[in-house]
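First comes the structure, then the notes that go with it.
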Amino acid sequence: MNQNWWEKAIVYQIYPKSFKDANNDGIGDLKGMIESLDYIKALGVDTLWLNPIFISPQVDNGYDISNYYAIDEIFGDLNDVEKLIEEAHKRELKIIFDLVLNHTSSEHPWFQEAIKGPQNIYRDYYLWADAKLDGSYPNNWESFFGGSVWEKDHKSEQYYFHLFDKKMPDLNWKNPEVKKSMVDIAKFWLAKGIDGFRLDAFIHMVKDDFSLDVQGVPDGEIALAEEYYANLPEVKRFLSEFISEIREINPNCFILGEAASATPSLADSYIREDLCSAVISFDHFEEKITSKDVKIPKGLESKTIDAKRMKENLIDWQETLAVEKYPTLYWNNHDMPRMVSRFGNDKEYRDKSAKALATGMYLLRGIPVILYGEELGMKNLEIDNIHTFQSPKAVDQHIQLLENGFSKEDSLAIIASANKEASRGVMQWDRTSHAGFSTQASWIGENVEETYNVEFEMKDENSVLHFYQRLLSLKKEDLFSFGAVTFLESDDNVLAYKRLFEEEEAIVICNLTENFAEIPDCTKELDQWHLVIDSGDSLDNEELAPYTYKVYRR
Ligand code: BGC
C-alpha cells in the first residue's frame, strides 16, 4: 500500500492563546507549547494543528492577520516557532498551521494601501462595490458576524466586502496577484519545515455577482447568502491553482480544508490531489431541543444530541468517503461548545459520556481531530463576563434572561452553551489557581477543577486521559485506520459497527445518549471475541445502560 502519512494522522488542535503560558502574561505562547510536547506525544496524537499565530490585531483571535510572515509577539517570535517545529519533529510529531486565505486584517499593508484610493495597485486585492442608486448597501447579503457584508470606505464612498468582522476585509481571488502573494506565504512556511495547512474558510474564496440580492427578503433587511458566497464552482479553480503550486514544493503536505457547510458529496469533490487532502465540515452534528421554555430566547434552548440523525450523517460520511478518501472525525473545535457539555452530560455522566463519544467517533474510519483538553474531559468554560462573547446577540440575550428571572451565572451559562468561547478556556494542567496554565489570570478565564486536570489524571488509571491514551493507541492500528466499516443493526441511540482489515476484525458498540437503549443483536454472537475496551456495563440486563461503550476483537 502506498499511503500518504496523513491518512493515518491523529490531529491535536491547539488554540495557542489558551494552551500554556510560559512567560506568565496570561496568554498562551510558543514556548509553552514546546514545554508541553512530551505530554502531547504521550497522549498518542501525531499531528499538531495550531490556530493562527501570525501578527494580528486579535479582533478575531488571530484570524485577522496583518503580517503573514511574522509571529505575533504575544506568542513569541520566529526563533520560537523554528524551535517548536524542530522539537515537534524530533518527537515525530507533524505540525500544520492555519492559513487564512479568504481575508486579511484591515490593518494589513495591502488593505492600508487599498484604501488610499481606486488607483492604488492594491485596490484590486479586495472586493469593492458602489451603493445602490437609492444609496443603500450594494446588496442585501448578511455577514457571518452580524450586519451587512458591506462597510463604507468614507474616502472613496465605495463599499468593501467582509464576510466576517468589518476589520477582516475579503480578498479578491480573481486578481492573480492575490494568489501569487498567498503562494509565497505558503512557500515561506513550508520552507520552515511545516507539514501542511488547515485552510480557513476556503469555500468562501469566490463571490457571485454583487448585483444579486437574496430573494424574499423585505426591503432594507439583510440575510445570509450562502448561495452567493459559499462553494461557488470557481472555488475549485482558484484553490487548485494555489494547491498545485504548493504541492510542487511539498507533494506530501497535508491540506485540511475547512468547509463548514459541505455535505459528504461536496466534501468528496473537494478532496483531490490538487485540492484538499481532507475536509472539516460542520455537517454531521445534529441536536434536538429538549425543553422549550418561553423565558429562554430562541437559539439558546436546552438541547441534546439527536443520535438518530447524527448516526445517519456519520453513515453517509463513511459511505461517501469509503475509498481512498478519509472523513475527519471530531466532536468539537474552537468554534463550538465542548463535546462533553454539548453532546454528552457534564454532570451525571461526565467521564462515561466523554469516553463513549470518543470511542464511537474515533474508531470509525477517518482522521480524528481532537481539541486540546478534550482528552481530560474538559467541559464548557464558566464565563463570568458577558463581554467575553463575540456574538453581537449576546448582550441582548443576557438582558432578556436577567429580565426573565435567571441569575447572572445561569444566564451566562445558558449563553455559553451555544457559543464558541465556551471551548476556549485554558488547558487544565493542574488544580492551582490558574489551572497551571499561567501564574496570572488568563485572557479568557479558566475552570479550576480538582480532578479534571493533567496532573491528577496522569495518576488516575481510570481517568479520561488514560482512556484517550488507550483509545488512540488502538486507533493507530491498521484495523482502525484503514479497515472497512460496516454498520450493524442497532437502536437509534446506539452506534454499532464492525471494522475489518485483512484477518482482523473489531466490533464497536456505543450508546451515544443518557437513555437506556435496546441491546444490539450482534452482541449475541460474541463468544469468540474478547473485549479490549469496556465501560463495564452488563449485557445481561434488559437494556443497554446510558453511555455504554464496548470494543470487541477477534
Ligand atoms: C474559523 C473561525 C474564524 C473564521 C474567520 C473560521 O472558520 O474557524 O474561528 O472566526 O474562520 O476567519
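What to note about this one:
- Accessible carbon and sulfur surface of the stretch 19-96 relative to its total accessible area, %, 1.4 Å: 48 percent
- Tilt relative to the chain, helix 350-362 - C-alpha long axis, 0 to 90 degrees, to 10: 80 degrees
- Reach of K292 by Cα under 30 Å, taken over lysines that are not fewer than 8 positions away in the same chain: K303, K308, K311, K347, K352, K355, K379, K393, K408, K420
- Apolar share of the accessible surface for the stretch 191-343: 48 percent from carbon plus sulfur atoms, 1.4 Å probe.
- When peptides 516-522, 206-212 are sorted by average Cβ neighbour count within 10 Å, with the highest value leading, the order is 516-522, 206-212.
- The chain: radius of gyration and largest Cα-Cα distance (Dmax), Å: 23.7, 77
- For the stretch 358-494, the spread of Cα coordinates along the three principal axes comes to 53, 38, 22 Å, biggest extent given first.
- Hull volume per residue, based on the alpha-carbon atoms of the stretch 483-553 and their convex hull, is 80 Å³.
- Over the chain, DSSP H runs of length four or greater, each weighted -39,500 (n - 2.57), average out per residue to a 222 nm ellipticity of -7500 deg cm²/dmol.
- Rounded to the nearest 5, the antiparallel percentage of DSSP beta bridges internal to the chain is 60%.
- Above-threshold pairs, the threshold being 20 Å between Cα atoms, out of K17/K187; K116/K179; K31/K476; K94/K192; K132/K152: K17/K187; K116/K179; K31/K476
- Other residues lying with their Cβ under 13 Å from the Cβ of G117 contribute a combined charge of -1, Lys and Arg counting +1, Asp and Glu -1.
- Kirkwood Rh, Cα atoms: Rg over Rh of the stretch 6-114: 1.00
- When the inverse distances between all different Cα atoms of the stretch 109-161 are averaged and flipped, the Kirkwood radius reads 11.6 angstrom.
- Computed with a 1.4 Å probe over protein heavy atoms only, the accessible surface of the chain comes to 41 Å² per residue.
- Note on the chain: dipole from Cβ charges, positive end direction compared against V279, S240, H466; the farthest Cα belongs to S240.
The values are calculated or read from the model by the stated rules, or taken from the named source; none is laboratory data. This one's a predicted model, so the numbers in the text were calculated from it and none came from an experiment. Virtual Cβ from ideal backbone geometry, glycine too; neighbours counted across all protein chains shown. Note: areas computed on protein heavy atoms with side chains; ligands, DNA, RNA excluded. Shrake-Rupley method; radii C 1.70, N 1.55, O 1.52, S 1.80 Å.
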